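**Student:** Before I ask anything, let me first share the structure, which is written out below as structure tokens.
FYI, it's all coordinate maths here, none of it is from the lab. Since the model is a prediction, treat every value here as computed from it, not as a measurement. Glycine also receives a Cβ, built like all others from the backbone with ideal geometry; neighbour counts cover every protein chain displayed.
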Amino acid sequence: MKKSRTLQIKTQVGYLLHLEVMNINFCDLSLPEDSERAIWEKAMLLVKTNGFILGNEVKEFEEAFAKYCDCQYCKGVATGCDALLWAMEALGIGKGDEVITVANTFIGTILPIIRAGATPVLVDCDPNTQQIDPQEVASVISPRTTAIVAVHLYGRLAPMDELIKIADKHGLLILEDAAQAHGAKYKGKRAGSLGKAAGFSFYPAKNLGAWGDGGAMTTSDSELAGKVDKIRNYGQEKKYFHDTLGWNSRLDSLQAIVLSEKLKLLDQWNENRRTAANWYYERLKDSGFCLYHEKPENEAVHHLFVITHKDRDLLQDKLQSKGIPTGIHYPVPIHQHKCFADHPFAKEEFPHSERQGNELLSLPMHPKLTKNEVDEVCECLLKI
């Protein structure tokens with residue numbers, strides 16, 4: 001267990017307060033020494049070969065990650081936003097189309113819809129799961145609806161059976177926002193293989209994170225994969241021969257090296273996260289905090305471990321005073337952001353998503369979290 005440290009605070013009247021605070025990380029991005037050494041060795045070889053852009057390292061990672069996700073294809077791109085955007089563009093989603101997704105998500109789910117020229121249609125989350133509510137989805141389908149973006153929020157799974165049933169009934173596409181769900185399984189099937197295509201982010205803090213920005217689209221559709229392959233590389237298949245309007249959005253070889261090494265560790269890291277989540281569940285099960293469980297037939301990967309409580313801000317302040325870091329994911333639901341003030345959904349109400357924004361608190365979660373550290377966090381929570 002990490003040792004606590006003593007924080008000295010001088011009060012206005014000159015007294016020193018000695019507060020015992022913990023050294024607990026909210027997340028931990030460190031690597032085993034052998035993995036880090038392997039990355040540096042491969043990086044130095046890359047420097048000598050100059051294969052920085054779409055080199056063999058990218059191809060090797062794409063093949064490995066596609067196989068890992070039970071997909072035929074993976075295309076590395078610059079960010080998770082780009083992964084969703086280029087999938088939409090390649091599928092012909094654009095002006096005049098409506099795309100349904102959930103209000104309690106990160107803005108990176110919404111921006112690709114808007115950048116593609118389509119109209120995002122928001123629905124509320126299920127208060128019992130925090131995931132997109134299929135009944136709400138069914139209620140907003142219109143003749144213009146083209147696709148549903150299923151967000152696997154916090155590393156837990158969206159209700160895919162219900163969403164697929166709705167999509168099949170109305171002839172809609174399903175895209176997965178799997179930015180927080182690397183390795184998660186829905187009834188034995190990996191996130192990334194459950195829809196027409198999926199977008200992954202490799203932001204450093206993700207379960208599978210690069211040493212910088214990065215993303216990937218996964219699919220088993222060869223035509224879609226081929227189109228995204230061109231779009232990400234200026235619209236060219238052969239250098240300087242541009243067949244379509246593309247963009248510069250490529251996963252670089254250095255990041256591919258990092259991701260390939262980390263991919264070897266991902267299953268164990270995710271298992272460690274599930275173990276830590278179970279420790280939280282056990283300690284907090286009889287408390288006044290709202291806990292959110294994954295269904296037993298699924299495997300969550302707990303990118304974040306979140307609770308809700310009406311006195312969230314008080315909890316966060318008290319934990320911070322003890323040296324326990326926390327986060328809020330996310331404090332503002334999509335429809336309340338200033339950048340969407342002129343959008344029709346800004347006038348709508350999504351009470352469950354709004355409640356999440358006011359009451360949700362993310363607790364420390366990472367593969368190296370120990371039982372003693374979880375106990376310390378829970379002990380502090382239970383004393384408040």
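**Student:** Computed over the Cα atoms of segment 46-145, what is the convex hull's projected area averaged over all directions, in nm²? Don't skip to the end; give the middle numbers.
**Tutor:** Working: hull surface 34.1 nm².
Mean projected area of the Cα convex hull: 8.5 nm².
**Student:** Next up: Only sites in a loop by DSSP and with at most 10 other Cβ atoms within 10 Å count here; which trypsin sites (Lys or Arg not before Pro) in segment 254-327 make the cut? Before the final figure, lay out each step's value.
**Tutor:** On the way: sites: Lys262, Lys264, Arg273, Arg274, Arg283, Lys285, Lys310, Arg312, Lys318, Lys322; in loops: Lys264, Lys285, Lys310, Lys322.
Hits after loop and neighbour filter: Lys285.
**Student:** Do any chymotrypsin sites (Phe, Trp or Tyr not before Pro) in segment 26-67 lie in a DSSP loop with no more than 11 other beta carbon atoms within 10 Å, and if so, which? Intermediate values should be presented prior to the final figure.
**Tutor:** Numbers: sites: Phe26, Trp40, Phe52, Phe61, Phe65; in loops: Phe26, Phe52.
For chymotrypsin sites (Phe, Trp or Tyr not before Pro) across segment 26-67 that sit outside H, G, I, E and B with at most 11 neighbouring Cβ atoms in 10 Å, the list is empty.
**Student:** Under the rule of -39500 (n - 2.57) per DSSP H run of 4 or more residues, summed and divided by the residues of the chain, what mean residue ellipticity at 222 nm is obtained, to the nearest 500 deg cm²/dmol?
**Tutor:** Working: 12 runs with 135 residues, N = 384.
Rounded to the nearest 500, the figure is -10500 deg cm²/dmol.
**Student:** In whole Å, what is the distance between the alpha-carbon centres of segment 95-132 and segment 229-248?
**Tutor:** Between the Cα centre of segment 95-132 and that of segment 229-248, the gap is 28 Å.
**Student:** How are the alpha carbon pair distances in segment 50-263 distributed across 10 Å bins from zero to the largest one, expressed in percent?
**Tutor:** For segment 50-263, the pair-distance distribution reads 9, 37, 37, 15, 2, 0.
**Student:** Counting other beta carbons within 10 Å of each residue's own, what order do Ile110, Ile166, Ile384 fall into, fewest first?
**Tutor:** Working: Ile110 27, Ile166 19, Ile384 12.
If I rank by nearby Cβ atoms, fewest first, I get Ile384, Ile166, Ile110.
**Student:** Considering the chain as a Gaussian network with a 10 Å cut-off on Cα pairs, which listed residue, Ser201, Ser253, Ser35, attains the greatest mean-square fluctuation?
**Tutor:** Looking only at Ser201, Ser253, Ser35, the biggest GNM fluctuation is shown by Ser35.
**Student:** What full-extension length gain, to one decimal in nm, is calculated for Lys95 and Ser222 as 0.36 nm per residue of separation minus the Cα-Cα distance?
**Tutor:** Values: separation 127, 0.36 × 127 = 45.72 nm, distance 2.45 nm.
My answer for the length gained is 43.3 nm.
**Student:** What is the local net charge at Pro333, summed over the other residues whose Cβ is closer than 15 Å to its Cβ (Lys, Arg +1; Asp, Glu -1)?
**Tutor:** Working: positive: Arg312, Lys338, Lys347, Arg355; negative: Asp124, Asp126, Asp133, Glu136, Glu348, Glu349, Glu354, Glu359.
Net charge in that neighbourhood comes out at -4.
**Student:** Sort His335, His170 so that the residue with the fewest other Cβ atoms within 10 Å of its own Cβ comes first and the one with the most comes last. Display every interim value, and only then the final one.
**Tutor:** Values: His335 21, His170 15.
In increasing order of surrounding Cβ atoms, one gets His170, His335.
**Student:** Here's something else I'd like to know. Would you mind ranking Trp279, Trp269 by Cβ crowding within 10 Å, fewest neighbours first? Working shown, then result.
**Tutor:** Details: Trp279 20, Trp269 17.
In increasing order of surrounding Cβ atoms, one gets Trp269, Trp279.
**Student:** Any chance you could run the full-extension gain for Ala64 through Ala346? It's 0.36 nm times the residue separation minus the Cα-Cα distance, nm to one decimal. Spell out each step's value before the answer.
**Tutor:** On the way: separation 282, 0.36 × 282 = 101.52 nm, distance 4.13 nm.
The Ala64-Ala346 span can extend by a further 97.4 nm.
**Student:** Can you give the net charge of the other residues whose Cβ lies under 15 Å from the Cβ of Pro204, counting K and R as +1 and D and E as -1? Please list the in-between numbers first.
**Tutor:** Working: positive: Lys206, Lys262; negative: Asp28, Glu36, Asp213, Asp252, Glu261.
With Lys, Arg at +1 and Asp, Glu at -1, the neighbours total -3.
**Student:** Calculate I(q)/I(0) for the chain by the Debye formula, one identical point scatterer on each C-alpha and no solvent, and give its log10 at q = 0.07, 0.09, 0.12, 0.15 Å⁻¹ to two decimals.
**Tutor:** -0.34, -0.55, -0.95, -1.35
**Student:** All other residues with a Cβ under 10 Å from the Cβ of Leu304 taken together, and with Lys, Arg as +1 and Asp, Glu as -1, what is their net charge?
**Tutor:** On the way: positive: Arg156, Arg273; negative: none.
Neighbour charge sum, excluding Leu304 itself: +2.
**Student:** Let me ask you something else. Given the pairs Lys264/Lys318; Lys48/Lys262; Lys42/Lys230; Lys75/Lys347; Lys230/Lys368; Lys95/Lys227, which span a C-alpha to C-alpha distance of over 29 angstrom in this model? Provide the component values of the computation, followed by the final result.
**Tutor:** On the way: Lys264/Lys318 38 Å; Lys48/Lys262 23 Å; Lys42/Lys230 27 Å; Lys75/Lys347 37 Å; Lys230/Lys368 39 Å; Lys95/Lys227 19 Å.
Beyond 29 Å between Cα atoms: Lys264/Lys318; Lys75/Lys347; Lys230/Lys368.
**Student:** Identify the trypsin sites (Lys or Arg not before Pro) of segment 153-206 meeting these criteria: DSSP loop state and at most 16 other C-beta atoms within 10 Å of the C-beta.
**Tutor:** On the way: sites: Arg156, Lys165, Lys169, Lys185, Lys187, Lys189, Arg190, Lys196, Lys206; in loops: Arg156, Lys187, Lys196, Lys206.
Of the trypsin sites (Lys or Arg not before Pro), the ones in loops of segment 153-206 whose Cβ has at most 16 other Cβ atoms within 10 Å are Lys187.
**Student:** Please give the residues of segment 63-82, grouped as numeric ranges, whose backbone N is less than 19 Å from a label point set 7 Å along the Cα-to-Cβ vector of His242.
**Tutor:** The answer is 78, whose backbone nitrogens lie closer than 19 Å to the label point.
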